[in-house]
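Peer 1: Dropping the structure in here first, questions after.
The values are calculated or read from the model by the stated rules, or taken from the named source; none is laboratory data. From a predicted model like this one, the values you see are computed outputs, not experimental measurements. Here the Cβ is made from the backbone with ideal geometry for all residues, glycine too, and neighbour counts use every protein chain on show. Calculation scope for accessible area: heavy atoms of the full protein, side chains included, ligands and nucleic acids excluded. Shrake-Rupley method; radii C 1.70, N 1.55, O 1.52, S 1.80 Å.
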Amino acid sequence: MQKVLKMSMIQTNKTAIKILFLALLFIIPFGEIGAKPSPKIKIAKKKIELGIIYNDDPIKVFYIDVVNKGNDKLKISKVIPDCDCTTVEYDRTPIEPKGEKKIKVTVNLTGFLPVEIEKQVAVYSNSKKSPVIVTITGKIIYK
């Protein structure tokens, strides 16, 4: 009798394991389907070092690379520099998942005294991580 009970328990355990395995096999791949699509902004360089900026060449242009690491379109709603000496240009069309775009940033330090600078640009989007702040540093030197 005990042998029959042990065999029955072993059979029940094997069946339970098979059911669990099959459930996991089918549930895990479909877990993403119920997930809400969302964009995810990624800016690789959040600190841009301009280095030495001479007073006779005070205008610097660089680009901020923006990548969409999410699974929905990323919309950059606005890009706001913290100073009138900084301007930005960017394409306002959405960035597809795994796509990327560049934001052109121009810093015009004409008339600035010799000083170390630190400027910031805020990138606002429909990503949960918004805004993303990019810091620009450098040192103005007179020739």
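Peer 1: Sorted by accessible area (1.4 Å probe), largest first, how do VAL123, VAL67 line up?
Peer 2: Values: VAL123 0, VAL67 35 Å².
I get VAL67, VAL123, largest accessible area first.
Peer 1: Can I ask one more? Multiply the residue separation of ASN55 and LYS98 by 0.36 nm, subtract the distance between their alpha-carbon atoms, and state the gained length in nm to one decimal.
Peer 2: Contour length minus the Cα-Cα distance gives 11.5 nm.
Peer 1: How much net charge surrounds TYR142 when only the other residues with a Cβ under 14 Å from the Cβ of TYR142 are counted, with Lys and Arg +1 and Asp and Glu -1? Can you show the working numbers first?
Peer 2: Values: positive: LYS139, LYS143; negative: ASP56, ASP57, GLU116.
Local net charge: -1.
Peer 1: Let me ask something else about it. So how much slack lies between ALA122 and TYR142, counting 0.36 nm per residue of separation and subtracting their Cα-Cα distance, in nm? Walk me through the numbers on the way to the answer.
Peer 2: Numbers: separation 20, 0.36 × 20 = 7.20 nm, distance 2.92 nm.
Full-extension gain reported as 4.3 nm.
Peer 1: Expressed in nm to one decimal, what extension gain is obtained for the pair LYS40 and VAL115 from 0.36 nm per residue of sequence separation less their Cα-Cα distance? Show your work: numbers first, answer last.
Peer 2: Details: separation 75, 0.36 × 75 = 27.00 nm, distance 3.62 nm.
Going from the current span to full extension adds 23.4 nm.
Peer 1: Sticking with this one: Give me the Kirkwood hydrodynamic radius of the stretch 33-106 in Å, from all C-alpha pairs, to one decimal place? Present the calculation step by step, with values, prior to reporting the outcome.
Peer 2: On the way: mean 1/r = 0.0711 Å⁻¹.
Computed over Cα pairs of the stretch 33-106, the Kirkwood hydrodynamic radius comes out at 14.1 Å.
Peer 1: Rank LYS45, LYS139 by accessible area, highest first, at a 1.4 Å probe radius? Intermediate results must be reported in sequence, preceding the final value.
Peer 2: Numbers: LYS45 130, LYS139 90 Å².
Descending order: LYS45, LYS139.
Peer 1: On to the next question. Would you kindly derive the ³J(HN,Hα) couplings of the stretch 122-128 from the backbone phi angles with the Karplus curve 6.51 cos²θ - 1.76 cosθ + 1.60 (θ = phi - 60°), listing them in order in whole Hz, with x for Gly and Pro?
Peer 2: So the J values, rounded to whole Hz, are 9, 9, 9, 8, 8, 7, 4.
Peer 1: Rounded to the nearest 10 Å², what accessible area does LEU113 show when all protein chains are kept and the probe is 1.4 Å?
Peer 2: Roll a 1.4 Å probe over it and LEU113 shows about 120 Å².
Peer 1: Work through the residues other than GLU49 whose Cβ is under 15 Å from its Cβ and net out their charges, Lys, Arg +1 and Asp, Glu -1. Working shown, then result.
Peer 2: On the way: positive: LYS45, LYS46, LYS47, LYS60, LYS119, LYS139; negative: GLU116, GLU118.
Cβ neighbours under 15 Å give a net charge of +4.
Peer 1: Rg and Dmax of the stretch 90-143, Cα atoms, in Å?
Peer 2: Both quantities, over Cα of the stretch 90-143: 15.3, 47 Å.
Peer 1: With respect to the cross-link table entries LYS45/LYS75; LYS40/LYS119; LYS36/LYS119; LYS36/LYS104; LYS42/LYS143, which display a Cα-Cα separation exceeding 29 Å?
Peer 2: On the way: LYS45/LYS75 19 Å; LYS40/LYS119 24 Å; LYS36/LYS119 36 Å; LYS36/LYS104 31 Å; LYS42/LYS143 38 Å.
Over 29 Å apart, Cα to Cα: LYS36/LYS119; LYS36/LYS104; LYS42/LYS143.
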